[in-house]
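The values are calculated or read from the model by the stated rules, or taken from the named source; none is laboratory data. Since we're looking at a predicted model, the values are computed, not measured. Cβ coordinates were reconstructed from backbone atoms using ideal geometry, including for glycine residues, and neighbour counts include every protein chain displayed.
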Amino acid sequence: MKLNIPQAILSAVILMGGFSVQAGDSKAIVTPIEAEVPYEAGRGLLTIQRPSGVVINPTSATLPQHAFTAQYCFFLPNNDSKPWMTHGAMFAYGVTDWLEVAGLFTARTEEIVDDYISGGVLVRARILKDEGFVPQFSVGYYSFHGDIESYNAFAAFYKRLPIGDESGFVKSVGFHAGIRETWLEDGPTTDKSDRPVGYVAMEIQLPARLYLVGEVSTDDKDLGDRTPYGFGIQWRAGGINITTAFTELGANGITEPSFFFGIGTQYAF
């Protein structure tokens, strides 16, 4: 008898498949694949300094790869738009999960003297992820050019502590720390100090991606002699992001915690 090799192979496969189904009692064993848990980087929103963070200073989180965000903010010193107020904007893109680039904008409207407008760039790189006992760590650089000319470098850490299985009202607590150095070449202030500023912040995650946030830093000699701090709430929903906060910048002429508001959106491509 002449052997037909293709038919023989096909018959063997069918026969083995039949035995497998019988041995398994006609039930296929399926191994479930767990969905990857999104990385919680502790990414805040637009700040007084303009890069994303808690309220005042930049923090360590970078945008996810191919994500884009556009955000706007304003600040009312002494809770009044007179004699001056500031505006800011940020347009950022995640080149990779660890590298973010952005365009920054800042302006101040004045009643007594001329307004000023400046634009600049931001580059932020994540060196370490928040894993185990290792905190997230990033370094960054941003600058402004125009009526204000400044050059800024920072390094920041972040550690997130989940609360139980994150099913309760308080889901996690996050801690930020960083240091920022500013070289102010031209601007409205006269004290162009090169002394670095250190800062710490905390965020408490609630349901619906609401975060209670607070921050305090060492005094910024470019602004004044008092201790800057800020506190408020952030809604990091993604499609829409909102910050409502009060901040004391320690700046000369600002005598009380003042209103800060930011709004924006984020998309992934």
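Quick notes on this structure:
- Residue in segment 165-177 that is farther than 15 Å from GLU40 by Cβ and either surrounded by 15 or more Cβ atoms within 10 Å (Cβ to Cβ) or in contact with an Asp or Glu (Cβ under 6 Å, 6 or more places away or on another chain) (or both) present: yes
- Any chance GLU185 is surrounded by fewer than 16 Cβ atoms within 10 Å (Cβ to Cβ), among the acidic types (Asp, Glu), out of contact with any helix residue (DSSP H, G or I) (no Cβ under 9 Å at 6 or more places or on another chain) and more than 22 Å from LEU210 (Cβ to Cβ): yes
- For segment 164-171, the criterion of being touching a residue at least 60 places away in the same chain (Cβ under 8 Å) and of a type in the set (A, V, I, L, M, F, W, C) is satisfied by no residue at all.
- When the criteria are applied in full, VAL197 fails the requirement of being surrounded by fewer than 17 Cβ atoms within 10 Å (Cβ to Cβ) and either among the hydrophobic types (A, V, I, L, M, F, W, C) or under 29 Å from LEU128 (Cβ atoms) (or both).
Residue by residue, here is whether (1) at pLDDT below 95; (2) out of contact with any Pro (no Cβ under 6 Å at 6 or more places or on another chain); (3) not in a loop (DSSP other than H, G, I, E, B) holds:
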residue: THR62; (1), (2), (3): no, yes, no
residue: GLN71; (1), (2), (3): no, yes, yes
residue: PHE75; (1), (2), (3): no, yes, yes
residue: ASN78; (1), (2), (3): yes, yes, yes
residue: SER81; (1), (2), (3): yes, yes, no
residue: GLY88; (1), (2), (3): no, yes, yes
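- Consider segment 116-153 and keep the residues that are touching a residue at least 24 places away in the same chain (Cβ under 8 Å) and of a type in the set (D, E, K, R). The one that is farthest from TYR39 (Cα to Cα) is ASP147.
- Residue in segment 183-193 that is under 17 Å from PHE105 (Cα atoms) and hydrophobic (A, V, I, L, M, F, W, C) present: yes
- Filter pass, GLU149 being surrounded by 15 or more Cβ atoms within 10 Å (Cβ to Cβ), charged (D, E, K, R) and either over 19 Å from the mean Cα position of the chain (by Cα) or within 27 Å of HIS87 (Cα to Cα) (or both): yes
- Some residue of segment 248-262 being under 30 Å from THR96 (Cα atoms) and either at pLDDT 90 or above or of a type in the set (Val, Ile, Thr) (or both): yes
- In segment 70-81, the condition of being within 22 Å of GLY239 (Cβ to Cβ), touching a strand residue (DSSP E or B) at 6+ places or on another chain (Cβ under 7 Å) and among the polar types (S, T, N, Q) is met by at least one residue.
- Within segment 196-255, the only residue that satisfies the criterion of being within 17 Å of the chain's Cα centre (by Cα), free of Cβ contacts under 8 Å to residues at least 24 places away in the same chain and farther than 24 Å from GLU166 by Cα is THR244.
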